[in-house]
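*Asks:* This is the structure I have questions about; it appears just below.
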Amino acid sequence: MEFLPTIGLEIHAELKTKTKMFCPSPNNSDEKRPNVNICPICMGHPGTLPTINKEAVMHVIRVGKAIGGDIADFTEFERKHYFYPDIPKGYQISQFRYPIVFGGSLNGIAITRVHLEEDTARSMHDADDESSLVDFNRAGIPLMELVTEPVIKSAKEAGDFARELQLTIRYLGVSEANMEKGEMRVEANISIAPEGSRGTKVEVKNLNSFRVVERAIEFEIKRQSETLLGGGKIVQETRGWNEKTGKTFSQRSKEESHDYRYFPEPDLPPMRLSLVPEFQNLVLPELPKEKRERYRKDYGIKNEDIESYIVNVPLGGFFESVARSLGDDSEAMKLGSNYITSDIVGILKTESHDISAERIGKLDASDFADMVMMAKKGEVSSRGMKDILPVVMREEMTAREIAHRMNVFQKSDEGELKKIIEKVISENEKVAEEYRGGKEQSLQFLVGQAMKESKGSANPQVLAELFRKVLQ
């Protein structure tokens, strides 16, 4: 029997604001000292009153506009009750009936809603599991939750969606969304069933990397399939992910919305977003999808190169500066992009260089454009480019100055090259006769011998042309 998976994602992202969601405590995810960014409000002390962080609301509206969702006119916060040590008030201020954003889509995946809430504190457990501590620095940080429709059909599709969402919210400037810091967390709801039937939903929580998202979904599809084929029953539950075993494990039975006893937060007023001009007149920056289309249209470079520039924005900015210097030369643009995404990226992985839109390390964009033209015209070989690039990125000299210093300019002087050609022919008369007899591969051998004789300094294209003239 074949089972079809149905997958929906719930993705949380901590928003980038100066202060927390409902209080003036600093929002600083880099703070390592526990319990310093706290105040009576985010600690849930009796008699304290929350106030709404306007910038956090604007961030969620930005996301809503980016995904083509409907921005609600009326929205309000509600209390979501559940009792964990990391919930200081005994409830979380969240949104249920009236989220800020309804609908929209991203990467071809339909989105149900985007709402705003406060983050929880962080529990830290001893290795011996005998004691736990709670750090409240994270409690109250603005947290956006995006919920997709259950229309995802594979682990890869889920991973691709999560990657695109991370890029989008980074481009919008609403969150750093670093998964290794917990600034973006993914939960997957997975069910399987024969076509035309509905399965039992299982939630896997707190997936902290894109690879883990994909692995956890793949494991759940396999686990649920084996359970059903073995005559067992899938239980609606919440499961966790164990990185060491590569398996999910049961945590608790899954709560329903009525278990949280939602009701409107009495200490916060409802919001009419249409009455606030700033909410209606937000201008969005260029987003990843638009940038991809522009790069394809304007530069005609490979999709793999485009993705490198989408993910690494400063690297993309450097390429655009190079492209401006190259003008309308599409062939040079493609050549330059190839050097950037292969050679320069390779150097960046082994050496530490700052990247901006104008330069990488000490390599200026206009100077790199000159290097590209040197390679295109055959002044410097591909090998020569690879040799001088690391040096140009470290030293404050032009590429031409370094190429001269390293003696990598290819010789194209016919008089000098003819001496080398005559010597090679005299030492390889049989091969020369084979070429005269119509064996084209013999020419490549002769060019190779001449390159050795010149210690790599000759221009191979010029050599080939001169060999043809001499041998004819």
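Okay, residues lined up against (1) of a type outside the set (Phe, Trp, Tyr); (2) without any contact (Cβ under 8 Å) to a residue 24 or more places away in the chain; (3) in contact with a His (Cβ under 8 Å, 6 or more places away or on another chain):
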{"residue": "Val174", "(1), (2), (3)": "yes, no, yes"}
{"residue": "Lys181", "(1), (2), (3)": "yes, no, no"}
{"residue": "Ala193", "(1), (2), (3)": "yes, no, no"}
{"residue": "Phe210", "(1), (2), (3)": "no, no, no"}
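*Asks:* What are the pairs, 6+ residues apart or on separate chains, where a residue within the stretch 387-413 that is among the hydroxyl-bearing types (Ser, Thr, Tyr) has its Cβ under 9 Å from a residue that is at pLDDT below 90 and open to solvent by 60 Å² or more (accessible area, probe 1.4 Å)?
*Replies:* Qualifying pairs under 9 Å: Ser412/Gln461.
*Asks:* Name the single residue, out of those in the stretch 133-186 being assigned to a helix (DSSP H, G or I) and either on the phi > 0 side of the Ramachandran plot or of a type in the set (Phe, Trp, Tyr) (or both), that is most open to solvent (accessible area, probe 1.4 Å).
*Replies:* The extreme case among them is Tyr171.
*Asks:* Additional query: Could you list, ordered by first residue, the pairs with Cβ atoms under 7 Å in which the first is in the stretch 330-351 and under 13 Å from Glu304 (Cα atoms) and the second is open to solvent by less than 30 Å² (accessible area, probe 1.4 Å) and charged (D, E, K, R), at least 6 apart or interchain?
*Replies:* Ser337/Asp305; Thr341/Asp305
*Asks:* Looking only at residues that are modelled with pLDDT of 95 or more and assigned to a loop (DSSP other than H, G, I, E, B) in the stretch 263-283, which one is farthest from Tyr98 (Cα to Cα)?
*Replies:* Asp267
*Asks:* On to the next question. Can you work out which of the residues in the stretch 29-50 that are of a type outside the set (Gly, Ala, Ser) and surrounded by fewer than 14 Cβ atoms within 10 Å (Cβ to Cβ) is nearest to Leu268 (Cα to Cα)?
*Replies:* Among them, the one singled out is Leu49.
*Asks:* Please pick out the residue among Leu446, Leu417 that is modelled with pLDDT of 75 or more, more than 18 Å from Gly384 (Cα to Cα), assigned to a helix (DSSP H, G or I) and not aromatic (Phe, Trp, Tyr).
*Replies:* Leu446
*Asks:* Checking Glu2 against (1) open to solvent by 20 Å² or more (accessible area, probe 1.4 Å); (2) within 23 Å of Pro269 (Cα to Cα); (3) not hydrophobic (A, V, I, L, M, F, W, C): exactly one of these is not met. Which one?
*Replies:* Of (1) open to solvent by 20 Å² or more (accessible area, probe 1.4 Å); (2) within 23 Å of Pro269 (Cα to Cα); (3) not hydrophobic (A, V, I, L, M, F, W, C), only one is false for Glu2: (2).
*Asks:* Return the residue satisfying two criteria in turn: it lies in the stretch 187-207 and is under 22 Å from the mean Cα position of the chain (by Cα) and within 16 Å of Ala155 (Cβ to Cβ), and of such residues it is surrounded by the fewest Cβ atoms within 10 Å (Cβ to Cβ).
*Replies:* Among those that are under 22 Å from the mean Cα position of the chain (by Cα) and within 16 Å of Ala155 (Cβ to Cβ), it is Glu187.
*Asks:* Tell me yes or no: at least one residue of the stretch 114-122 is open to solvent by 40 Å² or more (accessible area, probe 1.4 Å) and either closer than 25 Å to Pro24 by Cβ or modelled with pLDDT under 95 (or both).
*Replies:* The answer is yes; a qualifying residue exists.
*Asks:* Among the residues of the stretch 11-28, write down those that are crowded, with 17+ Cβ neighbours inside 10 Å and closer than 27 Å to Leu207 by Cα.
*Replies:* Result: Ile11, His12, Ala13, Glu14, Leu15, Lys16, Thr17, Thr19, Lys20, Met21, Phe22, Asn27.
*Asks:* Another one. Return the pairs, sorted by first residue and then second, in which the second residue is assigned to a loop (DSSP other than H, G, I, E, B) and open to solvent by 50 Å² or more (accessible area, probe 1.4 Å), the first residue lies in the stretch 257-271 and is over 12 Å from Gln95 (Cβ atoms), the beta carbons are less than 6 Å apart, and the residues are 6+ apart or on different chains.
*Replies:* So the pair list comes out as Asp267/Leu49.
The values are calculated or read from the model by the stated rules, or taken from the named source; none is laboratory data. All values reported here derive from a predicted model rather than from experimental measurement. All Cβ positions, even for glycine, are placed from backbone atoms using ideal geometry, and neighbour counts span all protein chains on display. The protein model used for the area step is the full one, side chains on, heavy atoms only, and it has no ligands, DNA or RNA in it. Shrake-Rupley method; radii C 1.70, N 1.55, O 1.52, S 1.80 Å.
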